[in-house]
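The values are calculated or read from the model by the stated rules, or taken from the named source; none is laboratory data. Just so it is clear, the model here is predicted, and its values are computed rather than measured. Cβ sites come from the backbone with ideal geometry, for glycine too, and all protein chains shown count toward neighbours. Each accessible area value is taken on the protein alone, full model and side chains, heavy atoms only, with ligands, DNA and RNA left out. Shrake-Rupley method; radii C 1.70, N 1.55, O 1.52, S 1.80 Å.
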Amino acid sequence: MPRIFRPNAYFEEELRLGKLFPRELEARNSVLESSFSVLNSFPDSAKVLAHSPPEENWIKYWQEKGVQIPKPILLRNIKQSLQKEKEIQMEEWGKISRWNSNNNELEIDTLLADSAKKFGSKLNQNDWNQESNPDLISYSIRNSKDWEIFLQKEKDRFSPDQKFVLKTEFGFAGAQKFRDVSGLKDLAYLFLKVKREPFLIETWVDRTKDFSLLFSAKNGKYKIEEGTILLNDHKGKYSGTWMGEFSEIQNYLSEMSESFSQVSKFHPNYEGYGSVDSFFYKSEGTQVLRKISEVNFRWTMGCLLLELRHRFPKKGNDLLLFLPKVQNSDPYSRLKIWEKETGWEIFPLSAFFSPYRRPNQKNLIWVRLPAGKTQDPWEEAKIVSESGIRALGP
């Protein structure tokens, strides 16, 4: 039975739209397609399903590193490639589809989709988790009645300088909207009446540090795999992941055991990778940990980095970092110079160009840093990012 891995980074959009492969997100998904081609370059790994073949110069760069990138199964050739297969073991970034051997097509699996919607919903998670931070306003808004209840209950707590964050039920990290009290009504109208999308509204707080607990689940048993630092800005926009030796990660994990046990009770039948996102914020001069901001019942960038560390073991610290599109024609030569100048190991997990030589808007870089550095991860990531932008710039 062949194993196929579908890196559907647009998993939440598939849930929201009720259909597979949203065309407008194909280019964005290419980052994961190439990343999993690296991860699955080992014998007996799953075949990667991709929209487009990876760029030849990117493949050559990895060959020089001693890694042979396997050819993906192209989406346009899937019927031809798998027409004789009666059964396929589907593995996905987010579980939602199945292989129909009668018409040789991938289709939404209703049971998987219903489960993903139920437990992946930010609103359902909020209903389950709303007692965790009583000092934060947090409401699931599914209709106009919910909105009126929110206004009636919380209007006395409103202040002119209070801000709120509004998140759609399913959506990408960093896509949330921010408003003060005066702008809430118009945005709520947009969500409920125009877009007809349920949303979550929460107090905006001054986030200071973001962490993520990576877990795996099988046969009803949940296991903590690792802790990571999420490199987000103060509004929660994601730019990278740090994994390695750092005391704050261990301190964070030590505070998460009770909350993590609740996650396993929330979704006892889940199987696969996942993560619990958390953050520290300032409240009356002290640092408070919001232990469960969101639970991802799917792969995450942290899970990808964890598997890369397993497949390519080496002591030290690892950093996944998004860099902007390149401005020169030969970034792979620049990468070699950058490595030589810094002493870091640097790997492009995504190609810098599409197969048609158009520069990609974002590039995912994997940097292996030596152990024992005294610099904290936030400062280290900033140094690496600025260094990369200089190295790959004009």
Scan region 12-21 and give yes if some residue there is in contact (Cβ under 8 Å) with a residue 24 or more places away in the chain, on the phi > 0 side of the Ramachandran plot and not hydroxyl-bearing (S, T, Y), otherwise no. yes
Which residue pairs have Cβ atoms under 9 Å apart, sit 6 or more places apart or on different chains, and have a first residue in region 378-393 that is closer than 14 Å to I337 by Cα and of a type in the set (S, T, Y) and a second that is open to solvent by 80 Å² or more (accessible area, probe 1.4 Å) and in a helix (DSSP H, G or I)? S387/E341
Only residues that are open to solvent by 30 Å² or more (accessible area, probe 1.4 Å), under 27 Å from A9 (Cα atoms) and touching a strand residue (DSSP E or B) at 6+ places or on another chain (Cβ under 8 Å): list them for region 171-194, please. A173, G174, A175, Q176, K177, F178
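Table: residues versus (1) modelled with pLDDT under 95; (2) closer than 30 Å to F353 by Cβ; (3) open to solvent by less than 30 Å² (accessible area, probe 1.4 Å).
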{"site": "K237", "(1), (2), (3)": "yes, yes, no"}
{"site": "H267", "(1), (2), (3)": "no, no, yes"}
{"site": "E271", "(1), (2), (3)": "no, no, no"}
{"site": "C303", "(1), (2), (3)": "no, yes, yes"}
{"site": "F312", "(1), (2), (3)": "no, yes, no"}
{"site": "K315", "(1), (2), (3)": "yes, no, no"}
{"site": "Q327", "(1), (2), (3)": "yes, yes, no"}
Only one of (1) surrounded by 14 or more Cβ atoms within 10 Å (Cβ to Cβ); (2) over 20 Å from S121 (Cβ atoms); (3) out of contact with any Ser or Thr (no Cβ under 9 Å at 6 or more places or on another chain) does not apply to T168, and that is (2)
Considering V288, V367, V276, V263, which residue is out of contact with any Leu (no Cβ under 8 Å at 6 or more places or on another chain), on the phi < 0 side of the Ramachandran plot and buried (at least 21 other Cβ atoms within 10 Å of the Cβ)? V263
Residue satisfying condition, being under 30 Å from K122 (Cβ atoms) and either open to solvent by 30 Å² or more (accessible area, probe 1.4 Å) or out of contact with any helix residue (DSSP H, G or I) (no Cβ under 7 Å at 6 or more places or on another chain) (or both), within set I59, I96, I4: I4
Restricting to region 61-78, what's the tally of residues that are touching a residue at least 24 places away in the same chain (Cβ under 8 Å) and within 15 Å of S333 (Cα to Cα)? 3
Residue hits (region 101-120; out of contact with any helix residue (DSSP H, G or I) (no Cβ under 9 Å at 6 or more places or on another chain) and either farther than 17 Å from F5 by Cα or modelled with pLDDT under 90 (or both)) are N102, T110, L111, D114, S115
First in region 324-342 and among the aromatic types (F, W, Y), second anywhere and surrounded by 15 or more Cβ atoms within 10 Å (Cβ to Cβ) and not in a helix (DSSP H, G or I), Cβ under 9 Å, 6 or more apart: Y332/P348; Y332/F352; W338/W344; W338/I346
Condition check: touching a residue at least 40 places away in the same chain (Cβ under 8 Å) and under 21 Å from P377 (Cβ atoms). Does V295 satisfy that? no
For region 195-222, what are the residues that are among the small types (G, A, S), surrounded by fewer than 18 Cβ atoms within 10 Å (Cβ to Cβ) and at pLDDT 90 or above? S216
In region 74-97, anything in contact with a strand residue (DSSP E or B) (Cβ under 8 Å, 6 or more places away or on another chain) and at pLDDT 95 or above is listed as L74, E91, E92, W93, K95, I96, S97
Which residue, of S144, S81, is small (G, A, S), surrounded by fewer than 20 Cβ atoms within 10 Å (Cβ to Cβ) and in contact (Cβ under 8 Å) with a residue 40 or more places away in the chain? S144
